[in-house]
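Just so it is clear, none of the values below were taken in a lab; they were calculated from the coordinates. Values in this document were obtained by computation on a predicted structure and should not be read as measured data. Using ideal geometry, Cβ is built from the backbone for each residue, glycine included, and neighbour counts are taken over all protein chains shown.
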Amino acid sequence: MRTSPSIAPHGPEQDTYIVLDDFGSLGRAWRETDEAGAHRATLVRNLLDGQYENPVRIVAFNTTEGWSRDVTVDIADELRRRFVEYDEVPEAVLAFMEAAANKH
């Protein structure tokens, strides 16, 4: 039986993270990311570096294990723990953490 190649950007054995970003009047879109940016650690660093306009949701998936889930609150909690390491945190990240805190 022939199988399709994995849609996971860095291999099916790893978790992949994608961000739904809000561009205001232009609408929302799942942001493209390169292979290196799809890992959790890189995602958190990119958020703290201000590489997203207005993140509203983060989804993780693993095609090998056959799961996907909304990890917005988990990532916001991690950002809360890590943002003290940064001199400045983008307003969009502060708003993201506040919105996620309301989902608890």
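The phi torsions of segment 49-65, fed into the Karplus equation with coefficients 6.51, -1.76 and 1.60 and a -60° offset, translate into couplings of 7, x, 7, 10, 5, 7, x, 10, 8, 10, 10, 10, 8, 9, 6, 5, 7 Hz, rounded to whole numbers, with Gly and Pro shown as x.
Taking Cα extents along the principal axes in Å as the quantity of interest, determine which of (1) 35, 28, 24; (2) 52, 32, 26; (3) 40, 26, 23 was computed from the displayed structure. Working out Cα extents along the principal axes in Å from the coordinates points to (2). Please state the charge dipole magnitude for the chain, taken about the Cα centre, from unit charges on C-beta atoms (+1 on K and R, -1 on D and E), reported in debye and rounded to the nearest 20. Once rounded to the nearest 20, the dipole reads 360 debye.
What do you get for the angle between helix 91-101 and the principal long axis of the chain? Use alpha-carbon atoms, 0 to 90 degrees, nearest ten. Helix 91-101 sits roughly 80 degrees off the main axis of the chain. Between Arg28 and Phe23, the built amide H atoms are under 5 Å apart, and every one of these is 5 or more places off in sequence or on another chain. Here each label is just a point 7 Å from Cα along the line to Cβ, and for Arg80 and Thr63 those points are 3.4 nm apart. The fewest-to-most ranking of Thr64, Thr42, Thr72, Thr16 by surrounding Cβ atoms within 10 Å reads Thr64, Thr42, Thr72, Thr16.
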